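Taking it in order: structure first as structure tokens, then the write-up.
Each value in this text was obtained by applying a stated rule to the coordinates, not by laboratory testing. Quick caveat, the model's predicted, so the values are computed rather than measured. Using ideal geometry, Cβ is built from the backbone for each residue, glycine included, and neighbour counts are taken over all protein chains shown.
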Amino acid sequence: MSITPPSGINTSISDDGLSQQPWWVEQWMELINSYRFKKRLERAWAYAREGHVTSIRFEGRRVHARVQGTDEDPYKVKLWLDVLKDEDWRYVLEALTMKARWSAQLLAGIMPADIERAFAASGRRLFPFKLQEVRSECSCPDKANPCKHISAVYFLMGERFSEDPFVLFQLRGRTRAKLLEDLAAYRLQAIAESANQSGNAEALAIDASSSELNPPHPAVLDPTLWWRYDAGLDGDLVVITPAMEGDTGLDAAGELPLAEEPRFPEAKPRFLQHLRDQGQAMAQQAMLEAMAAGN
């Protein structure tokens, strides 16, 4: 038996064995070990260790157990958690779908260490936060809850969780088969939606290229609009300066892809010089017109 004894109780189980327990089992055991009646926990631990729990079975979200006490017939014990609503599970499944690691770990029978982040999307928890959140009943005459019979079942449930972490999901309303089935369906839906979005993006790009949904700027069709500005300008904010000597924009444009003419090697440099001369002349004319308009 590898269940964790109550705090302060001596046991033959080695510390190494206890440290190897899965973290979700330790978290469950912290609930029962937080119980303030330590003497009752000691008796419950003895019941669990000595075989007084004669049977434990999981039926849906409820745990049914028989614990042999002082009476001739075993006491009947029931434990259960509040189940999550379908709407809550929808949020959980959507969150689980967002991380492939969570799905892979669950399929491998490992409880993700940050699994509560998936449940946080629904505002609920997988693990009970306090002992009172675990509902329980016992047919014994003890009015305290949990009694030693219920507590003994707590300890053995930790052993069951170690073997199958999906029991925790079952107590919240989803069996292993149902959870994995729903998770697979949500992942397929997410893949399909991602593919549709990619297809829609490609379709929009094609439509945009045909200029039906996203027509080009008028200046693309009419080069005369390239340097045109129709809006009014505040004269105090406009400063007109001549271009630097020899600056016509040709140098910034880089090497022009002009064809070479072997029979007339002077053609290319003459053409470029003509462009520079024209640029300077146009710049001077623009400067004169701007100054005249400013006055």
| task | Restricting attention to segment 118-155, report how many residues are buried (at least 23 other Cβ atoms within 10 Å of the Cβ) and within 27 Å of Arg90 (Cα to Cα). | result | 0
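Could you list, in sequence order, all residues of segment 157-201 that are hydrophobic (A, V, I, L, M, F, W, C) and surrounded by fewer than 15 Cβ atoms within 10 Å (Cβ to Cβ)?
Keep residues of segment 157-201 that are hydrophobic (A, V, I, L, M, F, W, C), which gives 157, 161, 166-169, 171, 177, 179-180, 183-185, 188, 190-192, 195, 201.
Within segment 157-201, Ala177, Ala184, Ala185, Leu188, Ala190, Ile191, Ala192, Ala195, Ala201 qualify.
Does Ala152 count as part of a loop (DSSP other than H, G, I, E, B) and closer than 20 Å to Arg66 by Cβ? Reasoning before the result, please.
Values: part of a loop (DSSP other than H, G, I, E, B): no; closer than 20 Å to Arg66 by Cβ: yes.
Taking the combined requirement at face value, the residue does not satisfy it.
Would you please name the residue that is farthest from Phe37 (Cα to Cα), looking only at residues in segment 102-114 that are in contact (Cβ under 8 Å) with a residue 24 or more places away in the chain and buried (at least 16 other Cβ atoms within 10 Å of the Cβ)? Give the steps one after another, and end with the answer.
Of the residues in segment 102-114, the ones in contact (Cβ under 8 Å) with a residue 24 or more places away in the chain are 103, 106-107, 109-111, 113.
In the following step, the residues that additionally are buried (at least 16 other Cβ atoms within 10 Å of the Cβ) were identified as 103, 106, 111.
Working: Ser103: 39, Leu106: 35, Met111: 30 Å.
Within segment 102-114, the match that is farthest from Phe37 (Cα to Cα) is Ser103.
State all residues of segment 94-111 that are over 13 Å from the mean Cα position of the chain (by Cα) and part of a loop (DSSP other than H, G, I, E, B); if no residue qualifies, say none. Give the derivation first.
Filtering segment 94-111 for residues over 13 Å from the mean Cα position of the chain (by Cα) gives 104-111.
Matches in segment 94-111: Ala108, Gly109, Ile110, Met111.
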